[in-house]
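Enquirer: Shown below is the structure under consideration.
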């Protein structure tokens, strides 16, 4: 039971996607006596080009919301991170939070974990221990090493954190918070979403294709091949802008070819709950968004995962992994449209907020040390290549027992 002054928890959000996943946790904290929600809003939320989604945060009506612009259109990812560190550092010194919560693998999360580590503020990382392609892989594991506590989506993620040297007691299995939203009875109906976004067709696929920052030299070709096949397919599509990583303008240049097509509706952003409703009723999703390998399998929606961005993230029967090549894409689109819908629970069963709250309610949770140690999986003083009963091991054991 939490006693005394309220514990202040700062949630850092930089995108519509991470806000949608963090919101169930924020709402749980907001309603809990003894806890106080603070929301630091930055990143793509603050850019009109991507829908100015900070207004979506405002509509959630959290009591303590702070907006911070951390970039301009010319900034690289390193500059965005540096500016986020500066802004969040000032904010943390003013608010003096008891914990910072970050999500995933964006540079804002890395900035948040850096500020927490260097200011001795307990930092919790949501959905660490997963794998993917591009620079996201490096960022996610770096955030893990800078964070003190971990809230993971499944057992495999927990195992990876142990491999990274994290203390098992610091790792909490809660599932993915977006499953809470998907299982909610409050999602808008498809008719409501179609009316709001003026989507005239009933059958459609969803397109979400983001930059792979390690493949910039080939990114223009990849986007062009994808758009070519979308147009040739003769199907309807709801298209959502890529994120703002380097290379986004190469993708946007190709997506503009879809804007004049009566078969396509192109949006800078779609509200998270509306997106989930659209996804639930889609024929399939195509691109390289995590939604194709996380949310789509949970709903049983076929997914065409294009290229390397989600390498090794998840595998199940409803996901088709294809290279960015014309024939492969054409065949995948034809196949996905007729695939059976078989829901697969890979990331929890929809009670993440309850699990999160039950953990942070405990007094001992707040006594977590900000001093971290690497938990080595190889016993000390032993050559991992040596047999377990080697003479050196036996001699050392004797010496220790005699000491």
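Since every read-out is calculated from the coordinates, none of them should be taken as a lab result. On a predicted model such as this, the values are computed, not experimentally measured, just so you know. Positions of Cβ are backbone-derived with ideal geometry, glycine not excepted, and every protein chain shown enters the neighbour counts.
Enquirer: Taking square-rooted eigenvalues a ≥ b ≥ c of the alpha carbon gyration tensor, is region 190-336 rounded, prolate or oblate, where a/c under 1.5 means rounded and, failing that, a/b exceeding b/c means prolate?
Expert: Working: a/c = 1.41, a/b = 1.18, b/c = 1.20.
Here region 190-336 falls in the rounded category.
Enquirer: Of the candidates 52, 197, 237, which one comes out as most mobile in a Gaussian network treatment of the chain with C-alpha springs shorter than 10 Å?
Expert: 197
Enquirer: Compute the Cα gyration tensor for region 12-135, then decide on rounded, prolate or oblate, letting a ≥ b ≥ c be the square roots of its eigenvalues: rounded whenever a/c is under 1.5, prolate when a/b is larger than b/c in the other cases, and oblate in all that remain. Mind dumping the intermediate values first?
Expert: Working: a/c = 1.35, a/b = 1.19, b/c = 1.13.
The shape class here is rounded.
Enquirer: Ignoring solvent entirely, what values of log10 I(q)/I(0) come out of the Debye formula for the chain at 0.08, 0.09, 0.13 Å⁻¹ when each Cα is a single scatterer?
Expert: Taken in order of the listed q values, log10 I(q)/I(0) reads -0.45, -0.56, -1.10.
Enquirer: Follow-up. Please give the length that would be gained between residue 186 and residue 162 if that part of the chain were fully extended, namely 0.36 nm times their separation in residues minus their C-alpha to C-alpha distance (nm, one decimal).
Expert: This chain segment gains 5.0 nm when fully extended.
Enquirer: In nanometres, what is the gap between the two model label sites at residue 75 and residue 370, each 7 Å from Cα along Cα-to-Cβ?
Expert: Modelled inter-label distance: 2.5 nm.
Enquirer: Right, something else. Hey, what angle do you get for helix 391-402 against the long axis of the chain, alpha-carbon based, 0 to 90 degrees rounded to 10?
Expert: The angle comes out near 50 degrees.
Enquirer: Right, next: Have a look at 85, 239, 322 and tell me which one the Gaussian network model of the chain (Cα, springs below 10 Å) gives the largest fluctuation.
Expert: Maximum among the listed residues: 322.
Enquirer: Can I ask one more? Pick from 275, 347, 267 the residue whose mean-square fluctuation is largest in a GNM of the chain, springs joining Cα atoms under 10 Å.
Expert: For the chain, modelled as a Gaussian network with Cα springs under 10 Å, the answer is 267.
Enquirer: Okay, moving on. For region 97-230, go through all pairs of different Cα atoms, get the mean of 1/r, take its inverse, and jot down that Kirkwood value in Å. If you can, show how the numbers build up before the last one.
Expert: Working: mean 1/r = 0.0571 Å⁻¹.
One decimal place: 17.5 Å for the Kirkwood radius.
Enquirer: Right, another one. For the chain, take the longest principal axis of its alpha carbons; what is the angle in degrees between that and the long axis of helix 77-95, to the nearest 10 within 0 to 90?
Expert: 60
Enquirer: Any chance you could check the Cα centroid distance between region 52-104 and region 262-276 for me, in angstrom?
Expert: 24
Enquirer: Here is a follow-up. Taking the 0 to 90 degree range and rounding to the nearest ten, how far is the long axis of helix 107-118 tilted relative to the main principal axis of the chain, both from C-alpha atoms?
Expert: Helix 107-118 sits roughly 20 degrees off the main axis of the chain.
Enquirer: For the ranges 250-256, 203-209, what's the packing order if you count other beta-carbon atoms within 10 Å of each residue, average per peptide, and put the highest first?
Expert: On the way: 250-256: 17.3, 203-209: 21.3.
Descending mean neighbour count gives 203-209, 250-256.
Enquirer: Continuing with the same structure: If one computes the Cα centroid of region 349-366 and of region 229-255, what distance in Å separates the two points?
Expert: 39
Enquirer: Please report the equivalent ellipsoid semi-axes of region 110-184, computed as sqrt(5 x eigenvalue) of the Cα gyration tensor, largest first, in whole Å.
Expert: On the way: eigenvalues 75, 40, 37 Å².
For region 110-184, the ellipsoid semi-axes come out as 19, 14, 14 Å.
Enquirer: By DSSP, what percent of the beta bridges with both residues in region 190-336 are antiparallel, rounded to the nearest 5?
Expert: On the way: 0 of 19 bridges.
Beta bridges within region 190-336, antiparallel portion: roughly 0 percent.
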